[in-house]
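Step one of this worksheet: look at the structure below.
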Amino acid sequence: MGAFDEFIGRETVAELRGVLTAVRPDRPWSALGAVHGSLPGHALKARSDLVATALVDDLDGEYVTAAAVFRAALGDPGFRGWTIWPVTESAVTLALADGSVAAFDDALALLSELTHRLTAEFAIRRLLAADLDRSLEAVVSWATSADEHVRRLASEGTRPYLPWAVRVPALLPRSRDLVPVLDRLRDDESEYVRRSVANHLNDVSRHDPDLVVEVARRWSADVDAPRTRAWVVRHALRSLVKKGDPGALEVLGFRPHAVSLSKPAVSAPVVVPGAATFSFDVRNDGDEEARLVVDYVVHYRKANGSTSPKVFKLTTVTLAAGESRSFRAVHAFRPLTTRTHYAGEHSVQSQVNGVRSEATPFDVEL
């Protein structure tokens, strides 16, 4: 286990137990006191789940009791940090077990009160899954909160593909319903909130790229938009730009141009760990200057012999009419936890404004 997992460890759990004991000294908090022995060997999320289960046990399975204890604990400035994650998860578990509308609504309110102590973005997912419409009513109201953490929760908690979080499939076809929330937050005074908005839209681009381009185009057309808007749009479109989506590129000012690009020359073979050097030329064949996004695409060999493409950013340039320019990239091939290399034929393409060259094959040796 890595150091990151220790964010929920013996010391932090002991601190949480101390805070809760100060609120309710009549409770032994025995499950919380014992859970630290179960944490070693588990990753952070699993540790959160173990602590949340201990909290549910110590609170006798009663949501009303849990809500009162957690709200009282907010009076202690030490009630913050990574143990807030299992606190929010235990509250949701108890609210859903309660089954009443009152408990459900109060759990939403409680998450908005707790989120500034770490985040409630993970816990809200199960409420969204249980009753999406009711949850979204709260989300809409959070977008106008005076608290930046609550405003961020409105965007971050409803991201379609939030990392580490429970998937909520029903969110995907409702992406358009959340656009008014993102409209409200796109120019937020907090960079923390604006970044969440951009990440939310980038998530949506995975299943509804047309909607994202539509929103980005509308946001970009506003002549009175603050300077921060342009960054939000660029960050929201980053995945579509890497894929060469014509609409996304056009929103950012990269229009189709008459451009010639050579297929890459490759220094090969490549021996892992090692690197390959790719070089290629781009020429503007048009009669006006051209703004270009220049990338390259590596087609990695998979275990079954097929290949999988991945786009890598290189640069953005402006070429005058008739101008040519050469580009060079040194691409590392080394063992990664996120990628296993396989020996055999790979290939690479140059890519300009989403248009790809002919592929150049090359061999990788292990």
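The values are calculated or read from the model by the stated rules, or taken from the named source; none is laboratory data. Note that this is a predicted model, so its numbers are computed, not measured. Methodologically, a virtual Cβ is constructed for each residue, glycine included, from the backbone with ideal geometry; neighbour enumeration extends over all protein chains shown.
Determine whether SER357 is touching a Lys or Arg at 6+ places or on another chain (Cβ under 9 Å) and loosely packed, with under 14 Cβ neighbours inside 10 Å. No: the conditions fail for SER357. Taking the range 226-251 as the range and being modelled with pLDDT of 95 or more, more than 21 Å from the chain's Cα centre (by Cα) and buried (at least 18 other Cβ atoms within 10 Å of the Cβ) as the test, only VAL251 passes.
The number of residues in the range 314-336 being within 19 Å of VAL282 (Cα to Cα), exposed (fewer than 14 other Cβ atoms within 10 Å of the Cβ), within 31 Å of the chain's Cα centre (by Cα) and not hydroxyl-bearing (Ser, Thr, Tyr) comes to 2. For the range 162-175, the criterion of a residue being over 30 Å from THR93 (Cβ atoms) and in a helix (DSSP H, G or I) is satisfied by no position.
Of the residues ASP177, ASP105, ASP188, ASP98, which single one is in the same structural domain as LEU59 (by TED's automatic domain parsing), out of contact with any Phe, Trp or Tyr (no Cβ under 8 Å at 6 or more places or on another chain) and acidic (Asp, Glu)? Show your work before the answer.
Working: ASP177 fails: in the same structural domain as LEU59 (by TED's automatic domain parsing); ASP188 fails: in the same structural domain as LEU59 (by TED's automatic domain parsing); ASP98 fails: out of contact with any Phe, Trp or Tyr (no Cβ under 8 Å at 6 or more places or on another chain).
Exactly one of ASP177, ASP105, ASP188, ASP98 is in the same structural domain as LEU59 (by TED's automatic domain parsing), out of contact with any Phe, Trp or Tyr (no Cβ under 8 Å at 6 or more places or on another chain) and acidic (Asp, Glu), namely ASP105.
For the range 75-95, a tally of residues being surrounded by fewer than 24 Cβ atoms within 10 Å (Cβ to Cβ), among the aliphatic types (A, V, I, L, M) and over 17 Å from THR21 (Cα atoms) returns 1. If I filter the range 35-45 for residues that are in a helix (DSSP H, G or I) and in contact (Cβ under 8 Å) with a residue 60 or more places away in the chain, do I get at least one hit? The answer is yes; a qualifying residue exists.
If you take the residues in the range 337-366 that are outside any strand (DSSP E or B) and more than 28 Å from the chain's Cα centre (by Cα), which one is farthest from PRO256 (Cα to Cα)? Going through the qualifying residues, I end up with LEU366.
Checking each residue in the range 1-34 for being outside any helix (DSSP H, G or I) and either farther than 13 Å from VAL56 by Cα or among the basic types (Lys, Arg) (or both) picks out MET1, GLY2, ILE8, GLY9, ARG24, PRO25, ASP26, ARG27, PRO28. Checked against (1) surrounded by fewer than 16 Cβ atoms within 10 Å (Cβ to Cβ); (2) out of contact with any helix residue (DSSP H, G or I) (no Cβ under 8 Å at 6 or more places or on another chain), ARG255 passes all but a single condition, namely (2). Here SER260 meets the list (1) among the hydroxyl-bearing types (Ser, Thr, Tyr); (2) part of a strand (DSSP E or B); (3) buried (at least 17 other Cβ atoms within 10 Å of the Cβ) almost entirely, failing just condition (3). The listed residues are LEU96, LEU114, LEU108, and the only one of them that is at pLDDT 95 or above, over 25 Å from LEU39 (Cα atoms) and under 24 Å from the mean Cα position of the chain (by Cα) turns out to be LEU108.
The single condition among (1) farther than 25 Å from SER48 by Cβ; (2) outside any loop (DSSP other than H, G, I, E, B); (3) of a type outside the set (A, V, I, L, M, F, W, C); (4) within 13 Å of the chain's Cα centre (by Cα) that ARG218 does not meet is (4).
Quick one: is VAL51 closer than 15 Å to GLU15 by Cα, in contact (Cβ under 8 Å) with a residue 60 or more places away in the chain and among the aliphatic types (A, V, I, L, M)? Step through it out loud before you land on a result.
Numbers: closer than 15 Å to GLU15 by Cα: yes; in contact (Cβ under 8 Å) with a residue 60 or more places away in the chain: no; among the aliphatic types (A, V, I, L, M): yes.
When the stated conditions are applied, VAL51 does not pass them.
Report yes if some residue within the range 155-165 is more than 17 Å from the chain's Cα centre (by Cα) and buried (at least 16 other Cβ atoms within 10 Å of the Cβ); otherwise report no. Scanning the range 155-165, I find no residue that is more than 17 Å from the chain's Cα centre (by Cα) and buried (at least 16 other Cβ atoms within 10 Å of the Cβ), so the answer is no.
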